[in-house]
Amino acid sequence: MKFTKIFKKGMAVLLLLTLLFSLSGCRTKELPKAKRGEFTGTELTVYNVFDNEDVFMPMLQAFKAEYGAIQVNYRKFNNIEEYREVILNELAEGEGPDIFFMHNSWFYQDHKKLLPAPKGVTVQAFKETYVDVVANDVIMKDDTGVENIYSFPLYVDTLALYYNRAHFNDKIPERGTPAKTWAALEEDVFKLKKEDNSFERFKVAGISLGRADNILRGVDILLAIMLQHGTQFYDENFRKAIFAESQGVSSIGLPRNPALDAVEFYTSFGLPTHRNYTWNSFLSNVDTSEKEIETFVRGKVSMIFGYSYLYEEIARQTEIMAKKYPNIIEMSDVSVAEIPQVYDPDTTVGESATLASYFAPVVARTTENPEAAWALISFITNQDNSRYYHDKTHRPTARRDLIAEQSEDPIYGVFAAQ
């Protein structure tokens, strides 16, 4: 799938991703290795979100064994807002971590708070090693126009479609999987949904779409659809918002607003008067952290959207809800498909798009040990450690040389393939 950076809004820069499927001729490049024992006695502090320290411990121990008795203090955060606030406040005071993991949407605004990678790896070699979205995100020009690399990521996650295989085998047995285009998926939803006289209006909803308050990734889904429609959010200089303006013409020669087209399509699934209607405020509790995950686990919606980590959350919720409800989804029926497209990817030559979200390790400008910090990042993101990280977390690789093997996974392969 191909993606391009085009959206910036307030504190975030939202990016289209470019992932190329051809791996021929790719060469893996890391920073030159440090000398054995070079960092003995050095102390580094690392901040990260979500990943427990035990994920990185084997890599840190291997780094110490090769490069010296370095002390690494690892701090995990669970709340992204708190995490970002702590980092910004500490860096402003000249303190903070040596290394922290930065979300890909933060690079445009915050890269001047970072130290770029040493010149041991060229931009060209970097682009041969990592998928294009990474280059779009982490390579920035300085005031003189020179390109600098600010991170070597461990993974790139993408938005995909989770579905209940049993529902499709029952209602759409001739295919058994979701349609590949949004237009065809509308027909899937019409066949899958089961209306009744309850407050929820549906015994089974077709898909969780149409609202932002009770859908975990509602904003991300809408952005993905807007990108697929070709929305240009800002002008070329990122100075003026233009998504509300007409962009091109329709098939009948009238001015066209792709952003409005995407919004109207998305909200149609939440409008009682529309044929697509299949989602409302009663189907998912806005006050819970599970929202539509609970609806999906209970078998009351056929499709939901999420990133790779959603699979484990679904598995966790099945164990919890098995004690409350008599009928819940079988994990063998939880399947993942690529996000639908505006145009059929099998018959249309062009770009397919989805949304990326990932945290990548960076070196703070305030660090007193830049060489050791960059050596550690280079080490934990090499091919072997990137493979190990995927085995532990199931997050899809950012490296071209691991895409083929990860794409074979029956569950997580979709995310690598995208």
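Quick notes
- Considering residues of the stretch 304-331 that are among the β-branched types (Val, Ile, Thr) and in a loop (DSSP other than H, G, I, E, B) only, the residue least open to solvent (accessible area, probe 1.4 Å): Ile329
- Residue count, the stretch 73-107 (criterion: hydrophobic (A, V, I, L, M, F, W, C) and either open to solvent by 20 Å² or more (accessible area, probe 1.4 Å) or assigned to a loop (DSSP other than H, G, I, E, B) (or both)): 6
- Total residues in the stretch 332-347, condition open to solvent by 60 Å² or more (accessible area, probe 1.4 Å) and either in contact with a strand residue (DSSP E or B) (Cβ under 6 Å, 6 or more places away or on another chain) or closer than 13 Å to Lys180 by Cβ (or both): 4
- A search for C-beta distances below 7 Å between a residue of the stretch 287-303 that is open to solvent by 40 Å² or more (accessible area, probe 1.4 Å) and any residue that is in a loop (DSSP other than H, G, I, E, B) and acidic (Asp, Glu), counting only pairs 6+ apart in sequence or on different chains, returns nothing.
- On the stretch given as the stretch 147-187, residues that are open to solvent by less than 50 Å² (accessible area, probe 1.4 Å), part of a helix (DSSP H, G or I) and either free of Cβ contacts under 8 Å to residues at least 40 places away in the same chain or not charged (D, E, K, R) (or both) total 6.
- Of all the residues in the stretch 382-418, those that are of a type outside the set (A, V, I, L, M, F, W, C), in contact (Cβ under 8 Å) with a residue 60 or more places away in the chain and either surrounded by fewer than 20 Cβ atoms within 10 Å (Cβ to Cβ) or not in a helix (DSSP H, G or I) (or both) number 14.
- Hits in the stretch 354-381 (condition: in a loop (DSSP other than H, G, I, E, B), open to solvent by less than 30 Å² (accessible area, probe 1.4 Å) and either without any contact (Cβ under 8 Å) to a residue 60 or more places away in the chain or out of contact with any Gly (no Cβ under 9 Å at 6 or more places or on another chain) (or both)): Thr354, Tyr358, Thr381
- Filtering the stretch 206-226 for residues that are open to solvent by 20 Å² or more (accessible area, probe 1.4 Å), on the phi < 0 side of the Ramachandran plot and touching a Ser or Thr at 6+ places or on another chain (Cβ under 6 Å) leaves an empty set.
The values are calculated or read from the model by the stated rules, or taken from the named source; none is laboratory data. The shown structure was predicted, so the numbers you read here are calculated from the model rather than taken from an experiment. All Cβ positions, glycine included, derive from the backbone under ideal geometry; neighbour counts span all protein chains shown. These area figures cover heavy atoms from the full protein model, side chains too; ligands, DNA and RNA do not enter into them. Shrake-Rupley method; radii C 1.70, N 1.55, O 1.52, S 1.80 Å.
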